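One structure below.
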Amino acid sequence: MTETENEPSKGPAHKRNMTRRKVVVAGGAAVAAVGVGGGLAMNAFAGETSENTGATTSETCYALTTETTEGPYYIDADKIRQDITEDEEGIPLTLKLKVIDAETCKPVKNAAVDIWHCSSLGIYSGYEAMSSGAGGGGTPPSGSPSDAPSGTPTGEPPSGAPSGGTGGGGGHSEPTDDERYLRGTWKTDKHGYVTFKTVFPGWYQGRCVHIHVKVHVDGTWTDAGYEGGHACHTGQLFFDEKSVLASAKVSPYSTNTTTRTTLTEDTIYPDNGHEGGLLYLKYDKKHIAKGVHAHLTMGVAPDETHDSTDTQPSASASAS
């Protein structure tokens, strides 16, 4: 079996964009800040470790993961679960995230992490009425093609939804049905980790393959779920083209006739690699149908609120 893993295309996150939050590490303080003893910044997974900080060097602990639009199809903490698959068909996907404070590198424990995404045929649960066939809902981009294939959303875009780019809060739309597949919320452990079982997402008109994610902190876990607190991160997770092309050969993805938007064409992807949500992936490149393992460390600012209204324009969005 041969496994592939995405490599950072633009170097470590702390070198790509040293913005907003920095931490000074010196001498014994360096060991205390990174907690590794040898001076390596505490990134969560193999392939994400940064280089030795040095005794007197000022370094970014970890770049803040880019905020992006929430989109119109978020449903707040509706299902407290790790396995969000239900009966949906598709390539098995294990998604493991680590949430850390970007300033201190400490894990953010007991946070509520929401994820939601479309099915293998591009349909969002809770909003099936806004989809037809293999089209699916979503935030339609500006300048939609006039020869859109069958299966495009049949209804009007939700009120307040952005017409393109990453600006705005996404214009929430009320659910049209009681389906809740491929949605879930779970708690980070004491090391900041959270793992979900789902399926590899499909695509719909105007968007590349992606998963929505939101991180809530300062709330309380109860028997009913997670209450109170605030969202310290709202973003999206992305898949490289190689993996998406491989998935497109597998049923039911292969039956989706909707024109696919590539990662570089997408108006939401911030075009800054793993800092922007590009996942690290592992799978058998000859047999992707057996399953995909995805992981990423997300650097957040727990004391800040990011509820999708402060998103940053991407290179592709500014060019459209």
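The values are calculated or read from the model by the stated rules, or taken from the named source; none is laboratory data. This structure is a prediction, so every number in the text was calculated from the model and none was measured. Cβ coordinates were reconstructed from backbone atoms using ideal geometry, including for glycine residues, and neighbour counts include every protein chain displayed. Heavy atoms of the whole protein, side chains included, go into the accessibility calculation; ligands, DNA and RNA do not. Shrake-Rupley method; radii C 1.70, N 1.55, O 1.52, S 1.80 Å.
Can Gly219 be described as open to solvent by 50 Å² or more (accessible area, probe 1.4 Å), small (Gly, Ala, Ser) and closer than 25 Å to Pro72 by Cβ?
Here the answer is no, as Gly219 does not meet what is asked.
Which members of the range 95-124 meet the condition of being among the charged types (D, E, K, R) and either in a loop (DSSP other than H, G, I, E, B) or under 18 Å from Thr198 (Cβ atoms) (or both)?
The answer is Lys96, Lys98, Glu103, Lys106, Lys109, Asp114.
Please count how many residues of the range 222-250 are of a type in the set (Phe, Trp, Tyr) and either within 16 Å of Leu95 (Cα to Cα) or open to solvent by 70 Å² or more (accessible area, probe 1.4 Å) (or both). Break it down into steps so the answer makes sense when it comes.
First pass over the range 222-250, keeping only residues of a type in the set (Phe, Trp, Tyr): 226, 238-239.
Narrowing the set further to residues that are either within 16 Å of Leu95 (Cα to Cα) or open to solvent by 70 Å² or more (accessible area, probe 1.4 Å) (or both) leaves 238-239.
Residues flagged as of a type in the set (Phe, Trp, Tyr) and either within 16 Å of Leu95 (Cα to Cα) or open to solvent by 70 Å² or more (accessible area, probe 1.4 Å) (or both) within the range 222-250 amount to 2.
For the range 305-320, what are the residues that are open to solvent by 30 Å² or more (accessible area, probe 1.4 Å), at pLDDT below 95 and of a type outside the set (Gly, Ala, Ser)?
Asp307, Thr309, Asp310, Gln312, Pro313
Against the condition modelled with pLDDT under 95, over 25 Å from Thr104 (Cα atoms), buried (at least 23 other Cβ atoms within 10 Å of the Cβ) and touching a Gly at 6+ places or on another chain (Cβ under 7 Å), how does Gly202 come out, does it pass?
Working: modelled with pLDDT under 95: no; over 25 Å from Thr104 (Cα atoms): yes; buried (at least 23 other Cβ atoms within 10 Å of the Cβ): yes; touching a Gly at 6+ places or on another chain (Cβ under 7 Å): yes.
It is false that Gly202 is modelled with pLDDT under 95, over 25 Å from Thr104 (Cα atoms), buried (at least 23 other Cβ atoms within 10 Å of the Cβ) and touching a Gly at 6+ places or on another chain (Cβ under 7 Å).
Does the range 197-217 include one or more residues that are more than 19 Å from the chain's Cα centre (by Cα) and outside any strand (DSSP E or B)?
Here is the first cut: in the range 197-217, the ones more than 19 Å from the chain's Cα centre (by Cα) are none.
No: the range 197-217 contains no residue that is more than 19 Å from the chain's Cα centre (by Cα) and outside any strand (DSSP E or B).
Considering only the range 75-85, how many residues are farther than 18 Å from Ala111 by Cα and at pLDDT below 95?
So the count comes out to 0.
Do we find a residue being over 22 Å from the mean Cα position of the chain (by Cα), crowded, with 18+ Cβ neighbours inside 10 Å and either assigned to a loop (DSSP other than H, G, I, E, B) or at pLDDT 95 or above (or both) anywhere in the range 142-152?
Scanning the range 142-152 turns up at least one residue that is over 22 Å from the mean Cα position of the chain (by Cα), crowded, with 18+ Cβ neighbours inside 10 Å and either assigned to a loop (DSSP other than H, G, I, E, B) or at pLDDT 95 or above (or both).
Conditions tested, residue by residue: (1) of a type outside the set (Ser, Thr, Tyr); (2) open to solvent by 80 Å² or more (accessible area, probe 1.4 Å); (3) farther than 30 Å from Cys105 by Cβ.
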| residue | (1), (2), (3) |
| --- | --- |
| Pro252 | yes, no, yes |
| Thr262 | no, no, yes |
| Lys290 | yes, yes, yes |
| His293 | yes, yes, no |
| Thr297 | no, no, no |
| Asp303 | yes, yes, no |
